[in-house]
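S.K.: Submitted below is the structure of interest, expressed as structure tokens.
Only the coordinates and a few stated rules stand behind these numbers; no lab work does. Everything numeric in this text was worked out from a predicted model, so none of it was measured. With ideal geometry, Cβ positions are generated from the backbone for all residues, glycine too; neighbour counts draw on all protein chains shown.
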Amino acid sequence: MNPSLPFFVLASLSVFSALMVVLSRKPVHSVLYLIFCFFTIGGHYLLLNAQFLFAVHIIVYAGAIMVLFLFTLMFINMNKELEPHKTNLIKVAATVAAGCLLIVMVGVTKGAESLAANSTRTDVGTVANLGKALYGQYLLPFELISILLLAAMVGAVLLGKKSVE
Amino acid sequence: MQLTNRSKIVVNKEMTFAEKIYLPAILSGLLITIKHLFRKKVTIKYPEQTRPVAPIYRGWHVLKRDEQGRENCTACGLCAVACPAEAITMTAAERKKGEEHLYREEKYAAVYEINMLRCIFCGLCEEACPKEAIFLTDRMVPSDMVRSNFIFGKDKLVEGVESNTRIDISQRTTAHRHQ
Amino acid sequence: MEFLLIKFVLVVIVFVISLGIAAYSTYAERKIAAFLQDRVGPDRAGPFGLLQPVADGVKMFMKEEIIPSNADRLLFILGPCIMMMTSCMTGVVIPWGHGLEINGTFYPVQITDINIGILYVFGVVSIGVYGIMIGGWASNNKYSLMGAIRASSQMISYELAMGMAVIALIMTTGTLSIREMVEQQHGFHWNVFTQPLGFVLFIICAFAECNRTPFDLPECETELVGGYHTEYSSMKLGFYLFAEYINMFISAAIISSLYFGGYNFPFIDQLGFSPNILSIVGTLIFFGKIFFFIFFFMWIRWTIPRFRYDQLMHLGWRTMIPLGILNILGTGVYVLYKNGQLHF
């Protein structure tokens, strides 16, 4: 068996589901395809021996954030009539913006071939190694992000509090 | 205006800490329910067990026969008149020659029907009967799926001729007499 | 090849046991409900009504299958499938016993011991909510949708608090693998003694995640007819109901392995039996613990009334999560003290 076969199966599935996110007519179907897409991306993490990342990806993205997406979408009555009319200018602007994003992404991956994935190390993504990396080498960015999240949490609590009359 | 001295003034008092964390309340609730786990069950498993009924219970009617197996009923209609629920209907017929062993009097009920859905089991038919022909017994009226099956004709009301198919009402009559 | 065969046999056994226990949980639920209410419960099918689950199953299969004409057909069918699949998947990482040593080879009684064990459980549980959401939405019924929305918001809220409780546990045990956690509780060193608050938080969240009373708002009959499974009939409804019982079994197993020592029992070393016998006894005791927790789930159900929705959210966000954070802080101090890095 070709060792890269699982990768190609997963990759084609993720591309397919990502396309279906855009092409589906019903918004709920789009979200479900997006969830499926997240699963296939999680599969890629597994192929890279990053089990912890896989689990967190599934719990946080597929399990929590997408539930909230679905949650909001179920409330919204998506009718054809209610859809705002898009002018040609907006369409052109959207195309240009998306094209720019594509260029940026391609540019990012351009230098990636020098960082060939070291697939011989099987313990690279385990919890212990990840923890050591986060609390050792990347301690400052990690703590900064946690402060950012704390700020967001405080904000959420403030919003959630009953307003004082 | 105070009608009784049992009224209670509702106080919306602040809960104490122990009440606020709910867990003690939940635990006491759990204790109450677990006690019930070991209590005697109140269920009566009906077809096998039956609830004990009083000797003068008023259930499924019976039309009695006399000692020679002749029907007591003479279709006088007093029971139907007495019936407050108008559940009883009957058609009278004259006794033919050669039917003396079937009917005690010259007149008998060719059709005798009690609508068990209307009957309130008050026992007034029994009180009204001059011939000691109708009695209420301690048998329950069984359930059924069809309304028409609750109109009991003579097939379900008249007792059998043989001694083992007779319906015993002695307890009821003695209870009657003792009053 | 032999490895695969053993794993396959284990998978089949765990699957059959989960289904069997779930089936008899329905019977136990009805019996316990009856006993707690001074009744007798089902006793007609077989001796003591023991064949009742079989009768229920046959009934479910025989019922007419109805798919509402305006429903999203594919998703309508997908809903119960996801629900059933996710609830069966969780049993994979639970260590059912220490293991048997046959001919010098050690066979652990566990399907797989992945190093993210407990996170795997969380991942699968968080997928489980899609079964309810998709089913409720696809039914095209307002009550179903309400049930689905309630289910999703409830499960997300309580997943957080559950995660907090488990984080504190991970801090004391230093591992994510459920097997290692169980091994550390050897004898009577159960985690419930070091993590009492965490245990209370975890079990409350487990109730909420299983949609059991007092958190059964998604299928709250008094308000929502049948909740998310209003439109379901036949075995698809059966799948939803059945998955709830499998979930209950699995959460009982997880609670007993995380906090009550799993297959460990007190005085395990003083008995002096051979390791294999001890392992079998341990598995039996593990199942005893599971049955106790299943009973506890039912006991609670027939004792406490249902929460109101705002009370549910209030409890989840304003009580459970702050308590969870407090527990994490306390555990941090405890861990430091235990390691001798903190001096008073």
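S.K.: Go through (1) touching a residue at least 12 places away in the same chain (Cβ under 8 Å); (2) more than 30 Å from residue C:263 (Cβ to Cβ) for residue C:58 and report which single condition fails.
M.R.: Failing condition for residue C:58: (1).
S.K.: Can I ask one more? In the stretch C:82-116, which residues are part of a helix (DSSP H, G or I), in contact (Cβ under 8 Å) with a residue 60 or more places away in the chain and aliphatic (A, V, I, L, M)?
M.R.: C:83, C:84, C:92, C:93
S.K.: Scan the stretch C:25-51 for residues that are within 13 Å of chain B (Cβ to nearest Cβ) and of a type in the set (Asp, Glu) and jot them down.
M.R.: C:38, C:43
S.K.: While we're on this one: Consider only pairs whose beta carbons are under 6 Å apart and that are at least six residues apart or on different chains; among these, list those whose first residue lies in the stretch C:300-320 and is assigned to a loop (DSSP other than H, G, I, E, B) and whose second residue is of a type in the set (Phe, Trp, Tyr).
M.R.: none
S.K.: Look at the stretch B:1-52 and say how many of its residues are away from every other protein chain (no Cβ under 11 Å) and touching a Leu at 6+ places or on another chain (Cβ under 9 Å).
M.R.: Here the count works out to 0.
S.K.: If you check residue C:156 against the conditions, is it within 12 Å of another protein chain (Cβ to nearest Cβ) and buried (at least 19 other Cβ atoms within 10 Å of the Cβ)?
M.R.: Answer is no for this residue.
S.K.: Right, another one. Is it the case that residue C:103 is farther than 30 Å from residue C:150 by Cα, polar (S, T, N, Q) and more than 8 Å from chain A (Cβ to nearest Cβ)?
M.R.: When the stated conditions are applied, residue C:103 passes them.
S.K.: I would also like to ask the following. Give B:58, B:95 a once-over and let me know the one that is away from chain C (no Cβ under 13 Å), farther than 30 Å from residue B:171 by Cβ and touching a Phe, Trp or Tyr at 6+ places or on another chain (Cβ under 6 Å).
M.R.: After applying the criteria, what remains is B:95.
S.K.: Could you check how many residues of the stretch C:191-221 are assigned to a helix (DSSP H, G or I), away from chain B (no Cβ under 14 Å) and either in contact (Cβ under 8 Å) with a residue 40 or more places away in the chain or under 23 Å from residue C:333 (Cα atoms) (or both)?
M.R.: Summing the residues that are assigned to a helix (DSSP H, G or I), away from chain B (no Cβ under 14 Å) and either in contact (Cβ under 8 Å) with a residue 40 or more places away in the chain or under 23 Å from residue C:333 (Cα atoms) (or both) in the stretch C:191-221 gives 13.
S.K.: Yes or no: residue C:188 surrounded by fewer than 21 Cβ atoms within 10 Å (Cβ to Cβ), free of Cβ contacts under 8 Å to residues at least 40 places away in the same chain and away from every other protein chain (no Cβ under 12 Å)?
M.R.: Taking the combined requirement at face value, the residue does not satisfy it.
S.K.: Given the condition within 14 Å of chain C (Cβ to nearest Cβ) and of a type in the set (S, T, N, Q), answer yes or no: does some residue in the stretch A:62-85 qualify?
M.R.: yes
S.K.: Go through the stretch B:26-42 and give me each residue that's loosely packed, with under 13 Cβ neighbours inside 10 Å and either under 30 Å from residue B:167 (Cβ atoms) or out of contact with any Lys or Arg (no Cβ under 8 Å at 6 or more places or on another chain) (or both).
M.R.: Within the stretch B:26-42, B:27, B:28, B:31, B:32, B:35, B:38, B:39, B:40 meet the criteria.
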